[in-house]
Structure formats: C-alpha cells, structure tokens
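J.: One structure, as structure tokens, below. Some questions next.
The values are calculated or read from the model by the stated rules, or taken from the named source; none is laboratory data. Keep in mind it's a predicted model, so treat the numbers as computed, not measured. FYI the Cβ positions are ideal-geometry reconstructions off the backbone, even for glycines, and counts take in every protein chain you see.
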Amino acid sequence: MKTVVIIITLLFILNINLSAIQTKKPDLKKLPKYESLLKKVLKGSKEINFFDLRMSFTQSKNYKPANPELDSVRKKMIQNLNSKEYEQAIILADSILKQEFIDMYAHYTCYYAYTALGDSSKAFYHEFLMDRLLNSVVESGDGKTKESAFLIINSNEEYFLIYIYKLKVTDKSFTNLNGEPIDVFKAVDSETNDSFELYFNTSMMIEQQKK
C-alpha cells in the first residue's frame, strides 16, 4: 500500500519563533457561496481557496457539527476500510461526500481504497482534496497556543489531524479565549516521542449548535 503523502508540515514541530501567529478567522459575509465553490471543485478546479470552502460550508444547509446519523455511516465506512471491503467503503464515503464534501475521513477512505483497487487517477484526486483540506486547517494557526489555535468546523477535523500525524492523545481539556471555546489536547508524537499541546478553536461549531 502506498504511504499517504501529506504536503504540509505541522508548524508546532518546527523550531521556529511563531509567537506572532494568530488564528485566521473568516469574514463570513465576504466569502463566496459554498455551492459556487463546490461547483468549481467538482469541475476539476485546483485554484480555489480550500479554507474558504470549509468556512463557507458553515453557511450551507448541510452544516451540522453534531450529526449522529453521519457519524454512524462514517464508523461503518472505516470498519469496511479496515476489513478491506474497499468497494463498500467507497460507497459509504461517497454518501458522506454528497452531504459534506469537506469530510477528510471520506476523502482519505476513497484515496486508500482506490489505491488498493489500482485506480491511481481516482486515488490521486481524493488525496489531493484531502491534502488541501488538511492544509487549510493547519494554515489557520499553528495550534501551539489559545491565540493561534487551529480553526475547525467540527470535531472530526481535530481527530483526523491527530490520526494522520500518528499522534497519541493522553488528555483532553477545555479552555477559552475572550469567551471563544478552545479544545486542548495533550499529545505524544508516536515517532519522535515528543510531547506537546494542541489547541483547536471550536467557536464556529459551538455557535452553530446553539442556533
């Protein structure tokens, strides 16, 4: 199986002074419509801003940060992938993407399954989308402090980042910054054994859940 190639590098792993970095937050009123951005992606455009795509999704009718029904489909999809039932995993991934095209677990599943099935073209397509979506999370901050927390729109984005970088979570807590909720994960890099904290700004998902 081909190893996943992740284009980005987590900034908190690097020995760089990033004290000036702050979480990038969108002006939702200035964002293009989600539907228009999605249409461009589906037509094969690689020039769109994937941060805008994720953020604009929060303004669409399908945005549900807590979605037990979709979580159940996602769980079954991962089970199929782990048991090498690749065709069924792809079917479930496609059903998720019809509702949440920004779902990185679904793109990863398609990438992995299509690679196993020998369809390199479709595998590359989903790998590209997965990379760009993950990039857009990492580029929203550096994850090292409350002020520079990664901006996420659902908890799956937190756990996908943790999964793809092979991090082991040892504790999770909660804090806030000027009233904005922040998730704090204590994690260990499974390859280097380095320990650090990861900060995720969950304000967008919490605000939606209050509506």
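J.: I'd like the full set of residues that are of a type outside the set (A, V, I, L, M, F, W, C), closer than 24 Å to Glu127 by Cβ and crowded, with 16+ Cβ neighbours inside 10 Å, limited to segment 160-188.
T.: Quick first cut of segment 160-188, residues of a type outside the set (A, V, I, L, M, F, W, C) only: 163, 165-166, 168, 170-173, 175-176, 178-181, 183, 186.
Imposing the further condition that a residue be closer than 24 Å to Glu127 by Cβ reduces the set to 163, 165-166.
The answer is Tyr165, and nothing else.
J.: Then there is this: What pairs come out if I take residues in segment 26-37 that are within 21 Å of Lys98 (Cα to Cα) and at pLDDT 95 or above and pair them with residues that are of a type in the set (Lys, Arg) and surrounded by 11 or more Cβ atoms within 10 Å (Cβ to Cβ) whose C-beta lies under 8 Å away, six or more apart or interchain?
T.: Cβ pairs passing all conditions: none.
J.: Could you list, in sequence order, the residues of segment 172-202 that are touching a strand residue (DSSP E or B) at 6+ places or on another chain (Cβ under 9 Å) and either touching a residue at least 40 places away in the same chain (Cβ under 8 Å) or among the acidic types (Asp, Glu) (or both)?
T.: Glu180, Asp183, Asp189, Asp194, Phe196, Glu197, Leu198, Tyr199, Phe200, Asn201, Thr202
J.: Out of all the residues in segment 72-105, which are of a type outside the set (A, V, I, L, M), free of Cβ contacts under 8 Å to residues at least 12 places away in the same chain and surrounded by 13 or more Cβ atoms within 10 Å (Cβ to Cβ)? Break it down into steps so the answer makes sense when it comes.
T.: Just the residues of segment 72-105 that are of a type outside the set (A, V, I, L, M), to begin with: 72, 74-76, 79-80, 82-88, 94-95, 98-101, 103, 105.
Narrowing the set further to residues that are free of Cβ contacts under 8 Å to residues at least 12 places away in the same chain leaves 72, 75, 79, 82-83, 85, 88, 98.
Answer for segment 72-105, where residues must be of a type outside the set (A, V, I, L, M), free of Cβ contacts under 8 Å to residues at least 12 places away in the same chain and surrounded by 13 or more Cβ atoms within 10 Å (Cβ to Cβ): Gln79, Glu85, Gln88.
J.: From the list Tyr199, Tyr125, Tyr163, which one is aromatic (Phe, Trp, Tyr) and modelled with pLDDT under 95? Please lay out each step first, then the result.
T.: Working: Tyr199 fails: modelled with pLDDT under 95; Tyr125 fails: modelled with pLDDT under 95.
Of Tyr199, Tyr125, Tyr163, the one residue that is aromatic (Phe, Trp, Tyr) and modelled with pLDDT under 95 is Tyr163.
J.: Could you grab the pairs with beta carbons closer than 8 Å, sequence gap of 6+ or different chains, first residue in segment 109-129 and farther than 17 Å from Lys84 by Cβ, second one assigned to a helix (DSSP H, G or I) and aliphatic (A, V, I, L, M)?
T.: From residues that are farther than 17 Å from Lys84 by Cβ, the pairs are Leu129/Val41.
J.: While we're here: Taking Ala123 and the conditions (1) out of contact with any strand residue (DSSP E or B) (no Cβ under 7 Å at 6 or more places or on another chain); (2) of a type in the set (Gly, Ala, Ser); (3) in the same structural domain as Ala187 (by TED's automatic domain parsing), which numbered condition does it fall short on, given that it satisfies the others?
T.: Here Ala123 clears every test but (3).
J.: Give the number of residues within segment 43-94 that are closer than 16 Å to His126 by Cα and modelled with pLDDT under 95.
T.: 6
J.: Could you tell me which of the residues Ser136, Ser155, Ser56 is in contact (Cβ under 8 Å) with a residue 60 or more places away in the chain, polar (S, T, N, Q) and surrounded by 19 or more Cβ atoms within 10 Å (Cβ to Cβ)? Give the derivation first.
T.: Values: Ser155 fails: surrounded by 19 or more Cβ atoms within 10 Å (Cβ to Cβ); Ser56 fails: in contact (Cβ under 8 Å) with a residue 60 or more places away in the chain.
Sole residue among the options that is in contact (Cβ under 8 Å) with a residue 60 or more places away in the chain, polar (S, T, N, Q) and surrounded by 19 or more Cβ atoms within 10 Å (Cβ to Cβ): Ser136.
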